[in-house]
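As structure tokens, the structure follows; a few thoughts come after it.
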2 protein chains.
Amino acid sequence: MAYEAFTEQSVVDHVRQLGLLEEGIAECEEIGDGNLNLVFRIRQGETSLIVKQALPYAKVVGESWPLTLDRSWIEQLALREFSKVVPQFVPDVLGSDRELAYTILEDLSAFEIVRTGFLKGESYPNLARHVGTFLGETLFATSDYANGPLVKKQIEKEYYNPELCDITEKLIFTDPYRDADSNQIEAALRPDVEQLWSDLALKIEVTKLKVGFVTKHEALLHGDLHTGSIFATRQETKIIDPEFAFYGPFGFDIGQIIAHLVFSTYAHPLKRFERFTEVLTVWETFEKTFRTRFTQAAEPFNTVGFVDELLPSILSDAIGYAGCELIRRTVGLAGVADLETLPDDLRIERKRHALELGTRLIKQRHQIQSIDQLIPVLSEVRV
Amino acid sequence: MAYEAFTEQSVVDHVRQLGLLEEGIAECEEIGDGNLNLVFRIRQGETSLIVKQALPYAKVVGESWPLTLDRSWIEQLALREFSKVVPQFVPDVLGSDRELAYTILEDLSAFEIVRTGFLKGESYPNLARHVGTFLGETLFATSDYANGPLVKKQIEKEYYNPELCDITEKLIFTDPYRDADSNQIEAALRPDVEQLWSDLALKIEVTKLKVGFVTKHEALLHGDLHTGSIFATRQETKIIDPEFAFYGPFGFDIGQIIAHLVFSTYAHPLKRFERFTEVLTVWETFEKTFRTRFTQAAEPFNTVGFVDELLPSILSDAIGYAGCELIRRTVGLAGVADLETLPDDLRIERKRHALELGTRLIKQRHQIQSIDQLIPVLSEVRV
């Protein structure tokens, strides 16, 4: 069936045809922000489900540009792949269609977006452990180490996602380091940003991280794992929206989530040790999970001692990618509410901190040899 | 058309239907060794051409196992890709067919396989410069640095070559480091090989190189660039047989050819400085070509100073892969004539050297900071 954007009526008809609704009345509401996707919630009796349909364009800051519908297919593929090892941490996929570019998902109304919850001062006691487990299980399971390169290549070939990777490459690794139109730089911060642009040593390190992003096909990544891509309750955690999924470096998702835990501290400085403990827990849970799976795996990669060298190199990468994320969310196109909701003086001060910390993480990522050495570096950013 | 192996008669009929032959008599001879491919030479008047057809199995040491016909398609794709930047260094592709798994190539009868020529004591004054140029141009052109990640990913997605990569992974990086059935270890060499198997530091480094082979998607590689994959005259050079082509680390092909230049010295020790000079020339020509293209390329990877850090890391990889190749050809399934044609005592002595040099290159690849430092390491292997 050729692509057509659903309406509240047509989506109900379609879902009913699939046998997911009974005859009779069903309530339907479009609850998305309409920038990238339509999101419909359909309710009928005890049934409640979400239909997420990609739009063939992206709207950001009033601009609109075409964007591949393939991202919807990639998203549901990734959710299904993740659910093979951690079904508890992703929403159930109830249906999908490549042409119509939709995915039908279980409704997670009982959950809250973690960024929103953090802004309200909520805590999620299991979040860090769950995210660390998610990362350890999915990154390992989709790597060469789990079932060998033949199986990995079979998974990998489904994740040809050039357009969305291109967005990440530009917005994270390129535009923040030059005077690009896409940047959103506050006037008071401009001198700091110009210093960034003149820091050649930093730019070389960012280029290396960018090269790692485009060349290191280590595992299937979520690709956009910030606190807005995680639904949580105090008990449960669900990772959503892997439209940017692709084969990339182990450290990328880990770095992204570390950066966003740090961003949360800018809105709630008193929560900073809770957030830093979560950084520690995410890494330690990831490391433990990954190491366990690695050790259980068959030859031929299971050379004694190899994983002891692999894990620190993943941490270095993660620290570097955390630094890139701190910088790009501060000067680039997509700001974070943790900063943008602050009053002027605090916001500028904390954005400056984000730039300083980001720079430091990128440059010192090889010197920070363990997660225990990372936490003090994060803590020095007094806000 | 469904796959069927050609006969000398059917291949002539087929090629005539394609319009590549006139009516009338054409001579045809099967000149391959029949282990992996059929190779037909067809002559008619001034016309002489080669039809190379993949067989659906591989025969090695009397064993036969199924092997994908896709390798024929990959081979002609790679030849066509290489010819976009260095048409002078690959044979002309006159036709190809995916189902029938053949490629029609210009006949290079006037050329000699470099390994054969070297064994006879021949010299190819342009060989090293040509191979270095081939590597610099093709590795750059197919990388992210040439036209950006979007264009690179478009090329990359054609080179899904899991089965042939699997052969390389097993035969180069895995089997030589354990008591595998595929190894061919001379009795006199067994203690040396067992020492290799007990060298944990070496095995960790080999695992890292293997991981690089499967995860670093830097450029389109030939994948099997030894002196048997190069046709030459004193003037010209043609790279053939890229059936193993895939996206891998920049340093792999470079390392392979370095190893095989070293192997040549075992049969002709007096030629060793000629061969080592070729090692130097291959690298320096590669480096100069790659650097020039990199510097000419557009942003966003063209960060001043980045390429100065990239090139030494490529050299490290190349040295490591050279070491792996030295070892695997000495203990693994596929020996080289440069060693196998030697009398017993010399052969054992030089195989021992190959193992020692290979081990040293793998372990010391990060300490050898320039090609000038590599040559003395190679020269110390007095044979």
Of (1) more than 21 Å from the chain's Cα centre (by Cα); (2) hydrophobic (A, V, I, L, M, F, W, C); (3) at pLDDT 95 or above, B:A298 satisfies every one except (3)
Here, helices (runs of 4 or more DSSP H) confined to region B:119-196 with at least 3 residues that are closer than 30 Å to A:F173 by Cβ and in contact with a helix residue (DSSP H, G or I) (Cβ under 7 Å, 6 or more places away or on another chain) are B:127-141, B:144-156
Taking helices (runs of 4 or more DSSP H) that fall entirely within region B:312-380, which contain at least 2 residues that are among the basic types (K, R), touching a residue at least 40 places away in the same chain (Cβ under 8 Å) and out of contact with any Phe, Trp or Tyr (no Cβ under 8 Å at 6 or more places or on another chain)?
-> B:344-364
What number of residues within region B:189-204 satisfy the criterion of being within 11 Å of chain A (Cβ to nearest Cβ) and either open to solvent by less than 30 Å² (accessible area, probe 1.4 Å) or without any contact (Cβ under 8 Å) to a residue 60 or more places away in the chain (or both)?
-> 4
What are the residue pairs meeting all of these: first residue in region A:154-172, first residue assigned by TED's automatic domain parsing to the domain that holds A:L220, second residue among the basic types (K, R) and surrounded by fewer than 19 Cβ atoms within 10 Å (Cβ to Cβ), Cβ atoms under 7 Å, and 6 or more apart or on different chains?
-> A:Y160/B:K157
Inter-residue pairs, beta-carbon under 8 Å, first more than 15 Å from B:R98 (Cα to Cα) and in region B:1-12, second open to solvent by 80 Å² or more (accessible area, probe 1.4 Å), 6+ apart = B:E8/B:E29; B:S10/B:E4
(1) assigned to a loop (DSSP other than H, G, I, E, B); (2) in contact (Cβ under 8 Å) with a residue 24 or more places away in the chain all hold for B:I74 apart from (1)
Give the number of residues within region A:267-279 that are buried (at least 19 other Cβ atoms within 10 Å of the Cβ) and either modelled with pLDDT of 95 or more or of a type in the set (A, V, I, L, M, F, W, C) (or both).
-> 5
Every listed condition ((1) of a type outside the set (A, V, I, L, M); (2) closer than 24 Å to A:E163 by Cα; (3) in a loop (DSSP other than H, G, I, E, B)) holds for A:E23 save (2)
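Here are B:A146, B:A141, B:A110: which of them is open to solvent by 40 Å² or more (accessible area, probe 1.4 Å) and more than 25 Å from B:L55 (Cα to Cα)?
When all the criteria are applied, what remains is B:A110.
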Scanning region A:171-188 residue by residue, the ones that are surrounded by 20 or more Cβ atoms within 10 Å (Cβ to Cβ), within 20 Å of the chain's Cα centre (by Cα) and more than 8 Å from chain B (Cβ to nearest Cβ) total 2
Just to be sure, is A:Y159 open to solvent by 10 Å² or more (accessible area, probe 1.4 Å), under 19 Å from A:A78 (Cβ atoms) and more than 8 Å from every other protein chain (Cβ to nearest Cβ)?
-> yes
Would you confirm whether any residue within region A:271-280 is over 20 Å from the mean Cα position of the chain (by Cα), closer than 27 Å to A:T138 by Cβ and touching a residue at least 12 places away in the same chain (Cβ under 8 Å)?
-> yes
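Here's the yes/no breakdown for (1) more than 14 Å from chain B (Cβ to nearest Cβ); (2) of a type in the set (V, I, T):
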residue: A:E75; (1), (2): yes, no
residue: A:L79; (1), (2): yes, no
residue: A:V114; (1), (2): yes, yes
residue: A:F118; (1), (2): yes, no
residue: A:S123; (1), (2): yes, no
residue: A:L127; (1), (2): yes, no
residue: A:L150; (1), (2): no, no
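Would you check which residues across region A:113-132 are of a type outside the set (G, A, S) and either open to solvent by less than 30 Å² (accessible area, probe 1.4 Å) or modelled with pLDDT under 95 (or both) and list them?
Scanning region A:113-132 gives A:V114, A:R115, A:F118, A:Y124, A:L127, A:H130, A:V131.
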Residues satisfying the stated conditions in region A:42-71, i.e. part of a strand (DSSP E or B), crowded, with 17+ Cβ neighbours inside 10 Å and in contact (Cβ under 8 Å) with a residue 40 or more places away in the chain | A:L49, A:I50, A:V51, A:K52, A:Q53, A:A54
How many residues of region A:209-219 are in contact (Cβ under 8 Å) with a residue 24 or more places away in the chain and not in a loop (DSSP other than H, G, I, E, B)? The answer is 7
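The values are calculated or read from the model by the stated rules, or taken from the named source; none is laboratory data. Predicted model only: the values in this text are computed from it and were never measured. Methodologically, a virtual Cβ is constructed for each residue, glycine included, from the backbone with ideal geometry; neighbour enumeration extends over all protein chains shown. These accessible areas exclude ligands, DNA and RNA; they are computed on the full protein's heavy atoms, side chains included. Shrake-Rupley method; radii C 1.70, N 1.55, O 1.52, S 1.80 Å.
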